[in-house]
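Q: If you scroll down you'll find the structure; I have some questions about it.
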Amino acid sequence: MTDRLAALGRFGLSAIASLGRSGRFLAGTLIGVPKPLTGLPLLARQIYSVGVLSLAIVVVSGLFIGMVLGLQGYTILSDFGSEAAIGQMIALTLVRELGPVVTALLFAGRAGSALTAEIGLMKTTEQLSSMEMMGVDPLRRVIAPRLWAGFIAMPILAVIFSVVGIWGGMLVGVEWLGVFDGAFWGNMQSSVDFVDDVINGVIKSVVFGFVCSWIAVYQGYDCVPTSAGISSATTKTVVYSSLAVLGLDFVLTAVMFGNF
Amino acid sequence: MDSSAFITLKDVVFSRAGRRIFDGVSLDIPKGRITAIMGPSGTGKTTLLRLIGGQLRPDSGRVVVAGQNVPALKRRDLYHLRERMGMLFQSGALFTDLSVFENVAFPLRVHTSLPEDMIRDVVLMKLEAVGLRGARDLMPAELSGGMTRRVALARSIALDPELIMYDEPFAGQDPIAMGVLVKLIRDLNSSMGLTSVLVSHDVPESLSICHYACIIADGKVIGQGTPDELQSHPSERVQQFLNGKPDGPVPFHYPAGDAGSDFGLAGGLV
Amino acid sequence: MANRTMEIIVGLFMIAGLAALLFLALQVSGLSPKPDSASYTLYAKFNDTGGLSPRGRVSMAGVTIGTVESISLDTDTFQARVVMSIDADINNIPADSAAVIRTSGLLGDQYIDVSVGGDMDSLKDGDTFYSTQSAMNLERLISNFASGL
Ligand SMILES: Nc1ncnc2c1ncn2[C@@H]1O[C@H](COP(=O)(O)OP(=O)(O)OP(=O)(O)O)[C@@H](O)[C@H]1O
Ligand SMILES: [Mg+2]
């Protein structure tokens, strides 16, 4: 019994210590503006590897999710004779929820884990140490561009996901199942609001982008420098990012869309 | 001792994971000379270099480099000081996503604003010095262990630092490369007045180029002096290390419990 | 040069993101690039707004002519006060027109339908609908019908 209690206490303390370390790590990374001349090419390279290379999986998932929404929406709504509302249903689900959330989950699996493994390996092979010894701060040189890249790439990926999803829903609803396309778009336009829905969705994905890349780079930087350490850090990145995204999504949804 | 010490360690105590690695180490490393640091594997030679570079902080004691107390330096000042140091890591630690050329060019690009053709000249010159000018377009994964270390050496001297620390530069080198490296280290020192710290197990090689040597064991400096002084050092432990005898006061084993209990012989080894 | 290609691709990626956002703005949320001033405000008071909600549709003969801005309670009369913004093009709604809350389909959204009157004067910015008809409440309708028997 007391052993369990002690274990719980140990766990709590180490969790708090780790949170504190990650906060200090974040401050060290973000303090000081990177020089635009050297910073921008580094940032571009990272946006390429976390953003552009994630595009394929995001587009394909978006397309299929949109098509499934179209199909499911049609079967449910046609029972009430209001299948024209699928445009509205697809657009709202994607723009408010599925776009930001699914993109963030895909991002954590595709880009977040890669970031952690890359940084963890750099640590294990002493590349970060040797950079420090050359008088270059790895937090600014290695970590900061990756953090910013995730932050920038995520909303872009999320809006692309939503657009492709809506297009996929239209493909199924309008082209295949024969919903009148004027009604499809008209319903959508009258129910989706730019600020309340689209912009709030983008804000969600900005938050997710920040949290996911923070978790990913921190886990890499803090990993135990062995192959087992890297593999457990990579797993942690995916698990923690997914949980953080789902939990934050609830909070953000309550704040943005709840009418209290 | 030498009045113009570039690095001074005073009563440095350092423990890691509950184990005391240095227990009051005091050491002076003279400016413009080659100092060899020797000792059994796992005594903390690499740790010593990291203390000098400010990557680790001693529990107590002072580490003074170029007149600055390293553990007390602010982040920015520490990074400034490090620009004047070069360090060759035991593993090489090349940036795996950059080619050999870019690896050597890295410190130049970060710390100087030299035009591209100057950078090219400097990089090729440094690579030539380690005999790898032809390997400039290879990626680190395509290099052998010895080549990796030589590229890393070229990178650590790219900025012409005042202090250079070599962690095992000779490991994994063939006799020719070894000869070239010995000559290179000596030339760097004599032509540019570099202060060099050389960590190595290679007793004859190290003693042949260093001006000054120091042997660490059991968390203490057990002997220091010029190579000649060491050869005729009265301490039994120094003699054991220099001549590589397995039996003697310097332990070969990492601290361990009684062997008998580990091997399951309650009565101890017969 | 490889760097350059990569930077161009990243640029394209960001443009794709902007284009997607633009698509969401124009095609999905129907945001028109017209400035906001191209609308005017009308008011109406209802005894019961039912499920009407802000951003709901205001239509005339089935054509959308504006949106519901806000719904609040008038504490003097205990009626709901609905603020609508009407497209500026529709500037000749007869002053005796009625605002009626209707349901699209059987279970669909509720919206305001303007049923046209015959007055020569027309409603102007800030005017209030003279006559209104509240939401049809299915439950009340049934109970009225039952008690009337
Ligand atoms: N990250 C660490 N955590 C805990 N202990 C460590 C760590 N790194 C090194 N040590 C311990 O510190 C001691 C000194 O290590 P160090 O790497 O400095 O040895 P070394 O003298 O360079 O050995 P070698 O000649 O084999 O390179 C070792 O006994 C090792 O067990
Ligand atoms: Mg070592």
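Q: Could you work out which residue, out of B:P58, B:P227, B:P107, moves most in a Gaussian network model of chain B, that is, has the largest mean-square fluctuation with Cα springs under 10 Å?
A: B:P107
Q: Which of the DSSP-defined H helices in chain A satisfy a minimum axial length of 20 Å, computed from C-alpha atoms, and a minimum mean Kyte-Doolittle hydropathy of 1.0? Before the final figure, lay out each step's value.
A: Working: long enough: A:2-30 (42 Å, 0.50); A:36-50 (21 Å, 0.75); A:55-78 (34 Å, 1.96); A:144-170 (40 Å, 1.59); A:200-221 (32 Å, 1.03); A:227-257 (44 Å, 1.26).
The qualifying helices are A:55-78, A:144-170, A:200-221, A:227-257.
Q: Now for a separate question. Please report the spacing between the Cα centers of segment C:71-124 and segment A:63-106 in Å, no decimals.
A: Measuring centre to centre over Cα atoms gives 31 Å.
Q: Could you check the spin-label model distance between A:L71 and B:K245? Points 7 Å from the Cα along Cα→Cβ, value in nm.
A: Output for this residue pair reads 8.3 nm.
Q: Please report the relative contact order for segment A:122-224, taking Cα pairs under 8 Å with a sequence separation of at least 6, and give it as a percent rounded to a whole number. Before the final figure, lay out the partial values.
A: Numbers: 46 pairs, mean separation 46.1, N = 103.
Computed value for segment A:122-224: 45 percent relative contact order.
Q: Per residue, how much accessible area does segment A:181-260 have with a 1.4 Å probe, in Å²? Provide the component values of the computation, followed by the final result.
A: Values: 3560 Å² over 80 residues.
Value for segment A:181-260: 45 Å² per residue.
Q: Evaluated at 20 °C with a viscosity of 1.002 mPa s, what Stokes-Einstein diffusion coefficient in µm²/s does segment A:1-92 have when Rh comes from the Kirkwood expression over alpha-carbon pairs?
A: 113 µm²/s
Q: Now a separate question. Enter the angle in degrees (range 0 to 90, nearest 10) between the Cα long axis of helix C:138-148 and the first principal axis of the Cα atoms of chain C, meaning the one along which they spread out most.
A: 10 degrees
Q: Of the accessible area of the protein assembly as shown, with the probe set at 1.4 angstrom, what percent is carbon plus sulfur?
A: Details: 20180 of 33520 Å².
Here carbon and sulfur together make up 60 percent of the probe-accessible area.
Q: Starting from the amide H of B:I216, placed 1.01 Å from N in the peptide plane, find each other amide H under 5 Å away whose residue is 5 or more places distant or on another chain.
A: Here B:M38, B:G39, B:I222 satisfy the definition.
Q: Full-extension gain between C:S122 and C:D96, please, as 0.36 nm times their residue separation minus the C-alpha to C-alpha distance. Can you show the working numbers first?
A: Numbers: separation 26, 0.36 × 26 = 9.36 nm, distance 0.81 nm.
Separation in residues times 0.36 nm, less the Cα-Cα distance, equals 8.5 nm.
Q: Run lengths n ≥ 4 of DSSP H only: what is the helix-derived mean residue ellipticity at 222 nm for chain A, with -39500 (n - 2.57) per run over all residues, to the nearest 500?
A: Numbers: 11 runs with 194 residues, N = 260.
Rounded to the nearest 500, it is -25000 deg cm²/dmol.
Q: In segment A:1-106, which trypsin sites (Lys or Arg not before Pro) are in a loop and have at most 12 other Cβ atoms within 10 Å, using DSSP for the loop call? Intermediate results must be reported in sequence, preceding the final value.
A: Details: sites: A:R4, A:R10, A:R21, A:R24, A:R45, A:R96; in loops: none.
The qualifying sites: there are none.
Q: Something else about it: Taking a spot 7 Å from the Cα of C:I71 along the direction of its beta carbon, which residues of segment A:240-260 have an amide N less than 17 Å from it?
A: Flagged as within label range: A:258-260.
Q: What whole-number volume per residue, in cubic angstrom, does the convex hull of the C-alpha atoms of the protein assembly as shown give? Could you put the intermediate results ahead of the total?
A: On the way: hull volume 182.1 nm³, N = 679.
In the protein assembly as shown, the Cα hull volume divided by residue count equals 268 Å³.
Q: Follow-up. Does anyone have the angle between helix C:2-23 and the longest principal axis of chain C? Alpha-carbon axes, 0 to 90°, nearest 10?
A: 10 degrees
Q: Now for a separate question. For segment C:39-143, give the magnitude of the charge dipole about the Cα centre (Cβ charges: +1 Lys/Arg, -1 Asp/Glu; no others), in debye to the nearest 20. Mind dumping the intermediate values first?
A: Details: 7 positive and 14 negative charges, 63 e Å.
Dipole of segment C:39-143, to the nearest 20 debye: 300 debye.
Q: Return the whole-Å distance between the Cα centroid of segment B:168-207 and the Cα centroid of segment A:215-254.
A: If we compute the Cα centre of each part, the gap is 44 Å.
Q: Moving on to the next point. At 1.4 Å probe size, with every protein chain present, just tell me what the per residue accessible area of chain C comes to in Å².
A: On the way: 9110 Å² over 149 residues.
Ligands and nucleic acids excluded, the figure is 61 Å² per residue.
Q: While we're looking at this one, here's another question. Mind jotting down a quarter of the surface of the convex hull over the alpha carbons of segment A:38-257, in square nanometres, one decimal?
A: Working: hull surface 52.5 nm².
For segment A:38-257, the mean projected area of the Cα convex hull comes to 13.1 nm².
Q: Right, another one. What dipole magnitude, in Debye to the nearest 20, does segment B:22-152 give about its Cα centre under +1 on Lys/Arg Cβ and -1 on Asp/Glu Cβ? Show your work: numbers first, answer last.
A: Details: 18 positive and 13 negative charges, 89 e Å.
Dipole of segment B:22-152, to the nearest 20 debye: 420 debye.
Q: Also, quick follow-up: Over chain A, with a Gaussian network built from C-alpha contacts below 10 Å, which listed residue (A:A111, A:A149, A:A27) shows the highest mean-square fluctuation?
A: A:A27
Q: Could you run the Debye sum over the Cα atoms of chain C, one equal point scatterer each and no solvent, and tell me log10 of I(q)/I(0) at q = 0.09 Å⁻¹, two decimals?
A: With one equal scatterer per Cα and no solvent, log10 I(q)/I(0) is -0.42.
Q: Can you flag which of B:K45/B:K245; B:K10/B:K126; A:K204/C:K45; A:K123/B:K126 are past 32 Å Cα-Cα? Walk me through the numbers before you get to the answer.
A: Numbers: B:K45/B:K245 20 Å; B:K10/B:K126 35 Å; A:K204/C:K45 37 Å; A:K123/B:K126 26 Å.
Cα-Cα > 32 Å for B:K10/B:K126; A:K204/C:K45; rest within.
Q: Rounded to the nearest 0.05, what FRET efficiency do B:S261 and B:Q55 give with R0 = 51 Å and r taken as the Cβ-Cβ distance? Could you check? Numbers along the way, then the final one.
A: On the way: r = 37 Å, r/R0 = 0.73.
It comes out at approximately 0.85.
Q: Something else: To the nearest whole number, what is the average tally of beta carbon atoms from other chains within 10 Å of the beta carbons of peptide B:90-96? Intermediate results must be reported in sequence, preceding the final value.
A: On the way: counts 1, 6, 4, 9, 4, 6, 5.
Partner-chain Cβ atoms within 10 Å, mean over residues of B:90-96: 5.
Q: Another question, if that's okay. Dipole of the protein assembly as shown (Lys/Arg Cβ +1, Asp/Glu Cβ -1, origin at the Cα centre): which of A:L115, B:A177, C:G118 lies farthest to the positive side?
A: Looking along the dipole axis, the top candidate is B:A177.
Q: Excluding ligands, DNA and RNA, what is the accessible area buried between chains C and A, summed over both sides, using a 1.4 Å probe, to the nearest 100 Å²? Provide the component values of the computation, followed by the final result.
A: Numbers: alone 10370 and 13700 Å², together 21730 Å².
Summing both chains' loss of accessible area gives about 2300 Å².
Q: Select from A:V95, A:V211, A:G169 the residue farthest towards the positive end of the dipole of chain A; place +1 on Cβ of Lys and Arg, -1 on Cβ of Asp and Glu, and compute about the Cα centre.
A: My answer, from the dipole projection, is A:V211.
Q: For the protein assembly as shown, what is the charge dipole size about the Cα centre, in debye to the nearest 20, if Lys and Arg each add +1 at the Cβ and Asp and Glu each add -1 at the Cβ? Kindly include the intermediate steps, with their values, before the conclusion.
A: Details: 51 positive and 61 negative charges, 459 e Å.
For the protein assembly as shown, the charge dipole is close to 2200 debye.
The values are calculated or read from the model by the stated rules, or taken from the named source; none is laboratory data. None of the values given here were measured: they were computed from a predicted structure. So basically every Cβ, Gly included, is an ideal-geometry build from the backbone, and we count neighbours across all protein chains shown. Please note that ligands, DNA and RNA were not included when accessible areas were found on the heavy atoms of the full protein model with its side chains. Shrake-Rupley method; radii C 1.70, N 1.55, O 1.52, S 1.80 Å.
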